[in-house]
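See below for the structure under consideration.
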Amino acid sequence: MCIAAIRNMTGAMKARDALSRVGIFSQIVSIDTSLTKRGCAYGISFPCEREVEVKRILKAKNIDFGEIMGSSGTRRDR
Amino acid sequence: MIYLDNAATTYKKPPNVTEALIKWAQCGNPGRGSHSASIAASELIYKAREEIASLFGAEAENVIFTAGATSSLNTAINGIIQGKRFITTDFEHNSVRRPVLALCRDRGCTRDILPSWDTKNMPRLLSRMICKDTSAVICIHKSNITGRTMPIRDLGKICRDRGIPFIVDASQSAGSVNIDIKRDNIDILCAAGHKGLLGIQGTGIMVFRDHMNISPLLHGGSGSDSRDENMPLHFPDRLEAGTPATPAIASLYEGVRFVRSHGEEYIGRKQRKLWYRCYDNLSSIRGIKIYDSHAPGANFLFNIHGISHTDIARELDKRGICVRSGLHCAPDAHDSLNSEGAVRASFSYFTTTAEVDEFIRQVKEIAKENI
């Protein structure tokens with residue numbers, strides 16, 4: 001699973017709803033504060049193979065997201 | 001008891017409202033973790049945001065939960081960056097009048113008053129009043145003492161054309177008038193959650209058309225950007241410091257669902273019918289003065305010659321009818337109506353014709369006894 005960092009819970013909820021509407025299962029997770037510059041943040045985990053689609057949907061819905069990480073917390077390109 | 005003080009707070013609530021309150025009395029803290037209890041509460045809060053956003057044609061993240069309309073209006077008025085000069089109507093509640101006057105006193109701001117006795121003329125007057133220093137226009141939508149309704153769409157259009165934030169106090173209209181924040185040219189809508197939206201007391205909302213650069217009134221935990229010394233820039237977190245009132249928001253969610261399922265227009269019509277019933281039965285009674293008699297709505301404001309408004313309300317209370325007398329926290333509005341206080345009977349979705357008939361009967365009797 002991959003994780004898209006989203007700065008607040010409302011954004012994470014909105015992202016989860018948007019992905020669910022196109023059949024992408026995602027879950028809200030907390031992101032380790034050592035991985036964020038600003039402190040507490042949330043993310044949504046989703047199957048890595050849907051990454052391109054997920055990025056497209058989040059952008060289309062104006063959901064501000066940060067880094068895409070691997071499930072182990074390793075950073076990936078946005 | 002016949003409760004006719006719904007402009008202060010609606011007394012009867014849909015069953016789901018009180019059930020939700022009990023159901024969510026024990027819950028996790030929303031937006032403060034990713035454990036199941038916090039996520040469950042977050043989901044509820046998000047659903048409530050979405051429901052309210054749908055009611056007003058807004059985006060969920062632009063719905064802010066507050067402790068009430070006063071809290072919402074104080075946040076909006078004080079949060080306008082570099083506020084200098086404010087335009088308000090002569091019908092504002094103290095939740096607008098006092099924070100604006102406090103800014104005039106403490107920060108040297110100016111308040112210009114837009115008269116509302118001729119609502120059709122208000123847009124023209126507003127156009128003339130706006131000047132280069134005008135920071136915001138703040139306007140009550142429906143009066144809290146009579147049925148007077150301000151032409152917010154036209155006023156908002158003028159503000160939008162001139163690039164001035166338009167703040168609307170929809171405390172009396174939310175839930176009984178269809179409002180679309182984009183169509184009606186509103187930048188910030190403020191409302192109570194415990195009146196026409198049928199939530200419990202302790203709830204209020206701000207609904208933004210778009211993200212705005214607004215300074216928060218409260219600073220504290222937001223569950224996001226914790227290392228930052230300042231409140232986050234993003235909504236809703238920027239204006240929601242501290243733990244939200246989750247059980248109260250759960251009640252508001254159910255209240256708004258009820259309103260949406262019945263339709264605001266239907267609810268508004270129901271209230272106006274009751275107003276007309278009062279008007280038709282009382283306007284011809286000698287000694288009874290009805291204020292704003294051309295403006296039907298949820299509030300019926302009157303006096304009886306020869307008896308003080310306080311005594312009328314006291315007498316009605318003795319007869320099992322709750323109404324509110326005095327200035328209703330809107331002294332400027334009473335001044336505009338040449339009233340030194342009056343009696344307000346206000347209706348909700350749940351007010352019945354039989355209740356209003358009993359109110360009419362008792363008012364007639366009091367008038368007869370005193371004239």
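The values are calculated or read from the model by the stated rules, or taken from the named source; none is laboratory data. Being a predicted model, the structure only gives us computed values, none of them experimental. Positions of Cβ are generated from backbone atoms using ideal geometry, with glycine treated the same way; all protein chains shown enter the neighbour counts.
Tabulated values for the structure
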read-out	value
Within the range B:287-371, strands (runs of 3 or more DSSP E) holding 1 or more residues that are surrounded by 18 or more Cβ atoms within 10 Å (Cβ to Cβ), within 20 Å of the chain's Cα centre (by Cα) and in contact (Cβ under 8 Å) with a residue 24 or more places away in the chain	B:299-304, B:324-326, B:342-346
Test for B:Met231: is it within 14 Å of chain A (Cβ to nearest Cβ) and among the aliphatic types (A, V, I, L, M)	yes
Pairs, first within 13 Å of chain B (Cβ to nearest Cβ) in the range A:51-70, second surrounded by 15 or more Cβ atoms within 10 Å (Cβ to Cβ) and not in a loop (DSSP other than H, G, I, E, B), C-beta under 6 Å, six or more apart	A:Lys61/A:Ala18; A:Ile63/A:Gly11; A:Ile63/A:Lys14; A:Ile63/A:Ala15; A:Phe65/A:Ala4; A:Phe65/A:Ile6; A:Phe65/A:Leu58; A:Gly66/A:Ala5
B:Ser224, sole failed condition from (1) surrounded by fewer than 24 Cβ atoms within 10 Å (Cβ to Cβ); (2) in contact with a Pro (Cβ under 6 Å, 6 or more places away or on another chain)	(1)
From B:Leu198, B:Leu252, residue being in a loop (DSSP other than H, G, I, E, B), touching a residue at least 12 places away in the same chain (Cβ under 8 Å), away from every other protein chain (no Cβ under 14 Å) and surrounded by 20 or more Cβ atoms within 10 Å (Cβ to Cβ)	B:Leu198
Listing of strands (runs of 3 or more DSSP E) fully contained in the range B:61-161 that carry 2 or more residues being touching a Ser or Thr at 6+ places or on another chain (Cβ under 8 Å) and in contact (Cβ under 8 Å) with a residue 60 or more places away in the chain	B:63-66
Among (1) aliphatic (A, V, I, L, M); (2) more than 13 Å from chain A (Cβ to nearest Cβ); (3) touching a Ser or Thr at 6+ places or on another chain (Cβ under 7 Å), the one test that B:Ile181 misses	(3)
Only listed residue being surrounded by fewer than 17 Cβ atoms within 10 Å (Cβ to Cβ) and touching a helix residue (DSSP H, G or I) at 6+ places or on another chain (Cβ under 8 Å), chosen from B:Glu19, B:Glu51	B:Glu19
Residue among B:Ala53, B:Ala58 that alone is within 14 Å of chain A (Cβ to nearest Cβ), in a loop (DSSP other than H, G, I, E, B) and modelled with pLDDT of 95 or more	B:Ala58
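Here's the yes/no breakdown for (1) closer than 26 Å to B:Arg272 by Cβ; (2) surrounded by 20 or more Cβ atoms within 10 Å (Cβ to Cβ):
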{"position": "B:Ser127", "(1), (2)": "no, no"}
{"position": "B:Ala136", "(1), (2)": "no, yes"}
{"position": "B:Met150", "(1), (2)": "yes, yes"}
{"position": "B:Leu155", "(1), (2)": "yes, yes"}
{"position": "B:Arg160", "(1), (2)": "no, no"}
{"position": "B:Gly163", "(1), (2)": "no, no"}
{"position": "B:Ser176", "(1), (2)": "yes, yes"}
{"position": "B:Asp180", "(1), (2)": "yes, no"}
